[in-house]
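Undergrad: Here it is, the structure, as structure tokens.
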Amino acid sequence: MPSTHRMLPELPRQPRRLRIGEAARELDLEPYVLRYWETEFPQLTPLRTEKGQRLYTQDDMTMLRRIQKLLHEEGLTIDGARRRLKESAQVHELTSGIIQELQDIRTILSVPARPSARRHP
């Protein structure tokens, strides 16, 4: 017997956001470390609920892993890690600009040339 229930369309899934405890466990850190890093690294801006709970996106987690690597694996100081992240952002901005310029040039070069309106005597 066929089902009389209509299937609802699948709603787009919200990207998973981690609370501070979950994020800290995933990074094997204490939550206070993440709160401290937020004060030291302006790149860290987790979302906040109405109650003030931090919610970390995947981009936040990527940044946290980068900071953790700089501090714990590479042995940089907070200032050193902050400088490295700033330099990295500048390089990214520069390369993004170069990529955009190259794409613009490609677009210009891919447009077929119009025949010139030359007159022959």
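Undergrad: Of everything in the stretch 13-40, what is outside any helix (DSSP H, G or I) and either over 14 Å from D60 (Cβ atoms) or of a type in the set (V, I, T) (or both)? Give them in sequence order.
TA: Of everything in the stretch 13-40, those that are outside any helix (DSSP H, G or I) and either over 14 Å from D60 (Cβ atoms) or of a type in the set (V, I, T) (or both) turn out to be R13, Q14, D28, E30.
Undergrad: Taking the stretch 70-94 on its own, how many of its residues are polar (S, T, N, Q), modelled with pLDDT of 80 or more and in a helix (DSSP H, G or I)?
TA: Counting residues in the stretch 70-94 that are polar (S, T, N, Q), modelled with pLDDT of 80 or more and in a helix (DSSP H, G or I) gives 1.
Undergrad: So which residues in the stretch 39-86 are surrounded by 16 or more Cβ atoms within 10 Å (Cβ to Cβ), among the charged types (D, E, K, R) and closer than 14 Å to A24 by Cβ?
TA: Within the stretch 39-86, R54, D60 qualify.
Undergrad: What are the pairs, 6+ residues apart or on separate chains, where a residue within the stretch 84-106 that is free of Cβ contacts under 8 Å to residues at least 24 places away in the same chain has its Cβ under 6 Å from a residue that is surrounded by 10 or more Cβ atoms within 10 Å (Cβ to Cβ) and part of a helix (DSSP H, G or I)?
TA: From residues that are free of Cβ contacts under 8 Å to residues at least 24 places away in the same chain, the pairs are R84/L70.
The values are calculated or read from the model by the stated rules, or taken from the named source; none is laboratory data. Just so it is clear, the model here is predicted, and its values are computed rather than measured. Note that each Cβ is placed from the backbone with ideal geometry, even for glycine, and that neighbours are counted across all protein chains shown.
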